[in-house]
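Q: Below is one structure. I have some questions about it.
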Amino acid sequence: MKLRLSYPTGKVPNPVLSQVVLDTKVMLNILEAKVTPTTGEVTVDAPVRGAQLERVISLFEKQGVHVDRILASVRIDPDKCISCGACVSPCPVQAIRQNTNWDVELDEAKCIKCLLCVDTCPVRAIAST
Amino acid sequence: MAKQVGAESLRTYEEINAKIKRGDAIVVTADEFISHVAEYGLEASAKEVDVVTTGTFGAMCSSGAFLNFGHSEPPIKMSHCWLNDVPAYKGLAAVDAYIGATAMSESQGFEYGGGHVIEDLVRGKEVHLRGEAYGTDCYPRRAIETTFTLKDLNQATLINPRNAYQHYNAATNGTDKIIHTYMGTLLPQFGNITYSGAGQLSPLYKDKGFQTIGIGTRIFLGGGLGYVIGEGTQHSPQTQFGTIMVRGDLREMSPRYLRGATYYKYGTTLYVGVGIPIPILNMSVAESAALTDDDIHTKVLDYGVPSRGRPAVCDASYAELKSGNVLIKGRKTPTSPLSSFKYAKEIAETLKRWVLKEKFLLSRPAELLPERREFKPLETDRHETKSGHASSTSVPRNPERGESR
């Protein structure tokens with residue numbers, strides 16, 4: 001499950017993420033991080049489910065970090081898509097590929113919802129869901 | 001004896017057209033021709049196949065349409081006009097205008113441009129016209145506002161000064177920042193490669209020596225019938241950057257093969273579908289039509305260097321580019337196309353069907369295109385100042401997306 005962690009003002013100096021990793025022993029993988037001196041937004045992959053996942057989320061929340069579960073990602077409208085491929089190689093996690101017919105396919109499990117593809121699509125066929 | 005360019009030593013245009021009319025011409029797509037050559041050899045294939053069809057569907061900024069609106073009552077000689085808020089060129093007669101693909105909406109900026117106006121017209125959508133004039137004794141009206149559709153126009157002619165580059169450079173980015181270019185989104189530190197052109201289906205690469213394509217060549221253009229009307233701008237065939245200028249009636253075209261597009265932080269453009277039938281007139285044309293993605297190479301340029309002399313990072317064939325990865329400095333770098341191979345194939349197949357079933361005849365060009373053309377740079381007299389450049393008020397600013405170059 002991918003999680004988007006929003007650090008409120010003042011929480012950035014605290015090693016919240018490291019603390020959660022040490023407490024839960026869940027190997028969180030940082031996929032994307034935008035950190036400023038005052039706020040931060042980090043996208044992580046937590047390779048766990050059920051109670052373990054809930055524990056990770058609750059530990060973050062206890063520290064005042066807001067957690068969003070990234071459930072759906074983006075949708076490619078097949079009626080608008082021209083199968084060009086402009087969105088494919090810019091995807092930083094290789095969640096988009098072209099099949100042998102050059103049709104564009106999205107692997108939702110890999111998507112981190114960075115939305116780079118939404119802007120990149122020349123015919124606006126990709127929308128955030 | 002030197003081989004004559006365009007020599008009809010295997011078959012003539014007349015022989016091909018007679019076969020098309022009889023219904024026994026052998027017409028294959030460039031992909032099929034390549035397979036045929038692999039199986040039977042070049043000579044046997046060249047003897048058997050009359051015509052090879054090609055196709056490409058990519059962003060072609062040098063595209064646009066001449067429109068004639070007809071005269072209003074009282075009449076107007078518009079000095080400026082806007083179509084759905086996109087400025088069209090009005091330095092022409094009273095109600096003639098040219099809408100260019102890269103002109104951007106003064107209200108929507110990057111999201112809507114001339115390419116989108118052309119697509120909307122072809123879709124049959126209503127387009128809003130606003131015009132201004134200073135008024136003359138013969139054209140007293142000074143302002144006009146109305147709507148029209150493609151059907152209402154007297155003429156709507158797509159005339160694209162530069163289309164269908166033989167091949168094109170691929171792009172990557174060696175800087176530490178993501179950049180947004182006319183070659184799409186390029187990730188930092190050589191994070192990806194984008195490329196354009198249809199490779200082994202590319203119309204102008206399949207007649208590499210310009211032995212058959214010339215003024216008057218009948219082609220597939222935007223889903224309708226078009227013609228080559230000359231060399232395209234920046235035509236540079238000796239480096240395989242040959243281009244063509246084309247024209248066709250917008251009213252015969254299809255929105256499937258004319259699509260308005262936006263390159264993020266770059267601007268608007270038009271995806272144009274072009275397909276050209278290549279008559280296999282001689283062995284040298286056959287050889288060119290048989291070139292494969294392995295044979296067609298391009299340079300991968302660093303678009304992180306904002307100069308006309310962008311350095312080449314490496315060389316790659318279209319086969320390598322199409323494989324999804326190319327090595328840059330020993331590292332596997334993801335590649336993806338910007339032009340649509342799916343549509344390019346569809347265009348080559350459609351054109352094949354037209355020649356076979358709809359008696360699309362091949363035209364002997366009135367004049368062949370130059371085989372050499374110098375591609376000259378523009379020298380400047382003074383350096384650009386840091387503060388005083390390109391801040392014209394006519395450039396639309398998009399509040400959400402910031403200003404482009």
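The values are calculated or read from the model by the stated rules, or taken from the named source; none is laboratory data. Everything quoted here is computed from the prediction, not taken from an experiment. Methodologically, a virtual Cβ is constructed for each residue, glycine included, from the backbone with ideal geometry; neighbour enumeration extends over all protein chains shown.
Q: As an exercise: evaluate residue B:163 against (1) within 23 Å of residue B:261 (Cα to Cα); (2) outside the structural domain of residue B:231 (by TED's automatic domain parsing); (3) out of contact with any Leu (no Cβ under 7 Å at 6 or more places or on another chain) and give the number of the one condition it does not meet.
A: (2)
Q: Go through region A:98-116 and report how many residues are closer than 22 Å to residue B:198 by Cα, surrounded by 18 or more Cβ atoms within 10 Å (Cβ to Cβ) and at the interface with chain B (Cβ under 9 Å from one of its Cβ atoms). Don't jump to the end; show me each part of the working.
A: Of region A:98-116, the ones closer than 22 Å to residue B:198 by Cα are A:98-105.
If we keep only those that are surrounded by 18 or more Cβ atoms within 10 Å (Cβ to Cβ) too, we end up with A:98, A:102, A:104.
If we keep only those that are at the interface with chain B (Cβ under 9 Å from one of its Cβ atoms) too, we end up with A:98, A:102.
Qualifying residue count for the region: 2.
Q: Let me ask something additional. Being under 27 Å from residue A:30 (Cα atoms), facing another protein chain (nearest Cβ under 9 Å) and crowded, with 17+ Cβ neighbours inside 10 Å is the requirement here; does residue A:86 meet it?
A: Values: under 27 Å from residue A:30 (Cα atoms): yes; facing another protein chain (nearest Cβ under 9 Å): yes; crowded, with 17+ Cβ neighbours inside 10 Å: yes.
When the stated conditions are applied, residue A:86 passes them.
Q: So residue A:95 passes all but one of these: (1) assigned by TED's automatic domain parsing to the domain that holds residue A:126; (2) in contact (Cβ under 8 Å) with a residue 24 or more places away in the chain; (3) buried (at least 18 other Cβ atoms within 10 Å of the Cβ). Which condition number does it fail?
A: Only one criterion is unmet by residue A:95, namely (2).
Q: Something else now. Need the failing condition index for residue B:182 against (1) crowded, with 24+ Cβ neighbours inside 10 Å; (2) of a type outside the set (A, V, I, L, M, F, W, C); (3) within 14 Å of another protein chain (Cβ to nearest Cβ); (4) touching a strand residue (DSSP E or B) at 6+ places or on another chain (Cβ under 6 Å), just the number.
A: Here residue B:182 clears every test but (1).
Q: Could you identify the single residue in B:190, B:220 that is in the same structural domain as residue B:307 (by TED's automatic domain parsing), assigned to a loop (DSSP other than H, G, I, E, B), within 24 Å of residue A:84 (Cβ to Cβ) and not small (Gly, Ala, Ser)?
A: On the way: B:220 fails: assigned to a loop (DSSP other than H, G, I, E, B).
Going through B:190, B:220 in turn, just one is in the same structural domain as residue B:307 (by TED's automatic domain parsing), assigned to a loop (DSSP other than H, G, I, E, B), within 24 Å of residue A:84 (Cβ to Cβ) and not small (Gly, Ala, Ser): B:190.
Q: Could you please let me know if residue A:128 is more than 14 Å from chain B (Cβ to nearest Cβ) and within 22 Å of residue B:262 (Cβ to Cβ)?
A: Details: more than 14 Å from chain B (Cβ to nearest Cβ): yes; within 22 Å of residue B:262 (Cβ to Cβ): yes.
The answer is yes for residue A:128.
Q: Let me ask something additional. Considering B:269, B:243, which residue is of a type in the set (S, T, N, Q) and within 11 Å of chain A (Cβ to nearest Cβ)?
A: It is B:269.
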